[in-house]
1. Here are some residues: GLN217, GLN205, GLN147, GLN153. Which one is in contact (Cβ under 8 Å) with a residue 40 or more places away in the chain, within 30 Å of PHE373 (Cβ to Cβ) and not hydroxyl-bearing (Ser, Thr, Tyr)?
2. Take the conditions in contact (Cβ under 8 Å) with a residue 24 or more places away in the chain, surrounded by fewer than 20 Cβ atoms within 10 Å (Cβ to Cβ) and β-branched (Val, Ile, Thr) and apply them to THR109. Does it pass?
3. Go through region 151-199 and give me each residue that's within 16 Å of the ligand (Cβ to nearest atom), among the aliphatic types (A, V, I, L, M) and farther than 22 Å from ILE418 by Cβ.
4. Taking the condition of being surrounded by fewer than 17 Cβ atoms within 10 Å (Cβ to Cβ) and not polar (S, T, N, Q), how many residues in region 112-145 meet it?
5. In region 254-266, what residues are more than 12 Å from the ligand (Cβ to nearest atom) and not in a loop (DSSP other than H, G, I, E, B)?
6. Give me a count of the residues in region 283-306 that are touching a Phe, Trp or Tyr at 6+ places or on another chain (Cβ under 8 Å) and closer than 21 Å to TYR115 by Cα.
7. Just give me the residues in region 297-348 being free of Cβ contacts under 8 Å to residues at least 24 places away in the same chain and within 23 Å of the chain's Cα centre (by Cα), in sequence order.
8. In this structure, is VAL32 among the aliphatic types (A, V, I, L, M), farther than 27 Å from LEU387 by Cα and buried (at least 20 other Cβ atoms within 10 Å of the Cβ)?
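The values are calculated or read from the model by the stated rules, or taken from the named source; none is laboratory data. Values in this document were obtained by computation on a predicted structure and should not be read as measured data. Methodologically, a virtual Cβ is constructed for each residue, glycine included, from the backbone with ideal geometry; neighbour enumeration extends over all protein chains shown.
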Amino acid sequence: MNIPQSSFPRVVIIGGGFAGIALAKKLSKKEVQVVLIDKHNYHAFQPLLYQVSTGGLEPDSIAYPIRKILKDFPNFFFRLAKVEEIRTEGHLVLTNIGNIAYDYLVMATGAETNYYGNTEIETNSMAMKSIPQSLNLRSLILENFEQALLTDQYHERDALMNFVIVGAGPTGVELAGALAEIKKGILPKDYPDLDTRRVQINLIQSGDRILKEMSVQASEKAEGFLEGLGVQIWKNMRVTGFNGKTVTTNTGESFETATLVWAAGVKGVGVKGLDAKELLVGGNRLKVNTYNQVIGHNNIFAIGDVACMQTKEAPNGHPMMAQPAMQQGKQLGENLVALLENKPLKPFRYKDKGSMATVGRNKAVVDMENFKFQGVFAWYVWMFVHLFFLIGFRNRMVVFVNWVYNYVRFDREARLIIRPFNKDYKMFKD
Ligand SMILES: Cc1cc2nc3c(=O)[nH]c(=O)nc-3n(C[C@H](O)[C@H](O)[C@H](O)COP(=O)(O)OP(=O)(O)OC[C@H]3O[C@@H](n4cnc5c(N)ncnc54)[C@H](O)[C@@H]3O)c2cc1C
């Protein structure tokens, strides 16, 4: 990898997401050599992926070059590479561009979509965990309408204009709300020769309420917002299959659609060599102690979505969200320095700053420890928080200007098919 030997111990971090970047920043001026490896050369702000998928933001405004974040840090090296294996006995990381030895290894590889072993759904559905996937979805949504214009078959046209979203967590709810706004504000103008009143947005949830990680108050309010926008919500329903044409469910209900978005689960991104059964807990996450140390490995740590720290307060690990990831990254930075200085380590304590979701213009729900609120004020808070956590002044400005423009003009101008997504439209012909 062409990284010089150093007299300082080497910390190899895999993953430049919220957790990996927070850790690297914390180690920036310490006596360690930091090597950050990521398969992308950018940090992606995942909470705004749904806006890329629905043409509200350009992908560049929610991505930021990792090299730029860490450019002023001495002893810092970035390598664009996919990590393929960890050799724990030799303290070695194997990647597609070569190998690197570590003194300390930190797994910050995040999470990926969990299909719970259903390969049919995995093959035929759309996911929204990365910028390329969001661009695929954006293209598919727009291609569907272009295709709907060309067919004289009613059932085919309806299927092309039927969007089925599985999973009513923040991702599913935000996507459903955005699609409903597009239906109302944009489609009638863009496609005057198409009966866009027939567009359907179906949101399916296996449990008995949407946004189940939030308060009942937030769930009920969000449900009301979505129904007001015309989203059809299906609760206590489990999707069992999707052959690219028909969605089947455990209740017997089925949906003809060209687009199934799977937002119903995530699991940790594992790497060969650290995938033994005893190291993993529910959802493929690495079992860690309160210092984020991977069980049985003194010099290997895991932080963020891929780490599962089971405590009394969080028996299933902390939520797979940005806040725990950032807080663990910062805390591990302090602990690694303490470890090198032979000082005692501090156990991680999660400070829950609350959670929020937006449904659309002037509509959001916010849960804080002692204060829950919904509606316009919640929407402003949602926007402020997302702008605050976006990395880069330019990105904040671009997103802010886009939001103001979209708000004033009722528009989403990034509805572009830059990179067509190849869906086989012949599927409705048989
Ligand atoms: C659509 C969506 C909406 C979300 N909305 C919210 C929200 O509103 N609020 C909230 O708090 N959280 C939200 N989240 C969750 C939040 O984004 C994650 O919890 C957070 O990104 C976790 O940070 P992380 O550093 O653990 O992982 P990530 O940010 O996922 O970073 C992992 C990094 O590891 C890299 N990587 C993985 N495997 C390899 C490999 N083998 N080799 C090299 N590099 C690798 C990836 O490229 C990536 O850069 C959302 C997530 C999604 C997908």
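1. From the options GLN217, GLN205, GLN147, GLN153, the qualifying one is GLN217.
2. Working: in contact (Cβ under 8 Å) with a residue 24 or more places away in the chain: yes; surrounded by fewer than 20 Cβ atoms within 10 Å (Cβ to Cβ): no; β-branched (Val, Ile, Thr): yes.
The answer is no for THR109.
3. Those that are within 16 Å of the ligand (Cβ to nearest atom), among the aliphatic types (A, V, I, L, M) and farther than 22 Å from ILE418 by Cβ: ILE165, VAL166, ALA168, VAL173, ALA176.
4. 5
5. The answer is SER254, PHE255, GLU256, THR259, LEU260.
6. Number satisfying all stated conditions: 1.
7. PRO315 - this is the single residue of region 297-348 that is free of Cβ contacts under 8 Å to residues at least 24 places away in the same chain and within 23 Å of the chain's Cα centre (by Cα).
8. For VAL32, the condition - among the aliphatic types (A, V, I, L, M), farther than 27 Å from LEU387 by Cα and buried (at least 20 other Cβ atoms within 10 Å of the Cβ) - is met.
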